[in-house]
Amino acid sequence: EDQVTQSPEALRLQEGESSSLNCSYTVSGLRGLFWYRQDPGKGPEFLFTLYSAGEEKEKERLKATLTKKESFLHITAPKPEDSATYLCAVRDRGSTLGRLYFGRGTQLTVWP
Amino acid sequence: DGGITQSPKYLFRKEGQNVTLSCEQNLNHDAMYWYRQDPGQGLRLIYYSQIVNDFQKGDIAEGYSVSREKKESFPLTVTSAQKNPTAFYLCASSIDGYEQYFGPGTRLTVT
């Protein structure tokens, strides 16, 4: 059973059309939720860490929020350069040595 | 510049051959990780290490081996026992076991 589920699997937006990506998790005790951006053929790039419900982080057009069961990555007025796969990962209370559990990602395409 | 390097970027091998993927970091991070990424799947953990000369199996360690003789280096060997070795391999490191920073990846193709 997956500990982390991301939806939708793919999202196509017109430039300027705001939307949200979802990451739901089922770990027993959250020690951190992480968002990454991955471009094709490259390694993931770290974006945000969220630790507790109610926490929010922002970076340019991206805003990440966290509740007790899920996180949202809000994209405001996206541009074509925001096209990428966005990955969510969690660390749970029982995790040893910082191992993370990753979702399968949301592939975002922003067209002009 | 601090960062994580992986080499080579592309690697081609014949079935039945062992191959070693390189991962080096100059971030002074204690923890290092190896993941495998296949199309449509999340990153799956192969091995991880917190300190030199110590490492643990992840979820899919069968057919892989690692060593951690230096803090900066965590090479991964894909052995002939790995049934489906063709994949994108990612190395990561972390200073405190929270945020992990990734290298550029190695795409391995075995024919």
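Read the figures in this text as sums done on the coordinates, not as results from a lab. Everything numeric here is computed off the predicted structure, so don't read it as measured data. No Cβ is skipped: glycine too gets one built from the backbone with ideal geometry, and neighbour counts run over all protein chains shown.
Here is the size of the protein assembly as shown from its Cα atoms: Rg then Dmax, 17.5, 51 Å. Per the Cα gyration tensor, the range B:68-111 maps to an equivalent ellipsoid with semi-axes of 24, 13, 9 Å, ordered largest to smallest. Two decimals is fine: what's Rg over Rh for chain B, C-alpha atoms, Kirkwood radius as Rh? In chain B, Rg relative to Rh is 0.94.
Within the range A:17-85, the GluC sites (Glu not before Pro) that combine a DSSP coil assignment with at most 14 other C-beta atoms in a 10 angstrom radius are A:GLU17, A:GLU60. Using DSSP to define loop residues, name the GluC sites (Glu not before Pro) in the range B:3-109 whose beta-carbon has at most 12 other beta-carbon atoms within 10 Å. Loop-located and lightly packed - B:GLU15, B:GLU62, B:GLU69. Expressed in units of 2.2 N^0.38 Å, where N is the residue count, the Cα radius of gyration of chain A is 1.03. At the listed q of 0.13, 0.19, 0.21, 0.26 Å⁻¹, the Debye profile of the range B:24-86, built from one uniform point per Cα, gives log10 I(q)/I(0) equal to -0.35, -0.71, -0.84, -1.12. Where both bridge residues fall in chain A, DSSP classifies roughly 90% of the beta bridges as antiparallel.
What pairs in A:LYS69/B:LYS71; A:LYS68/B:LYS83; A:LYS59/B:LYS83; A:LYS42/B:LYS83 have C-alpha atoms more than 31 Å from each other? Before the final figure, lay out the partial values.
Values: A:LYS69/B:LYS71 36 Å; A:LYS68/B:LYS83 39 Å; A:LYS59/B:LYS83 41 Å; A:LYS42/B:LYS83 24 Å.
Table pairs above 31 Å Cα-Cα are A:LYS69/B:LYS71; A:LYS68/B:LYS83; A:LYS59/B:LYS83.
The amide H of A:GLY32, built 1.01 Å from its N in the peptide plane, has A:ARG91 as neighbours under 5 Å, considering only residues 5 or more places off or on other chains.
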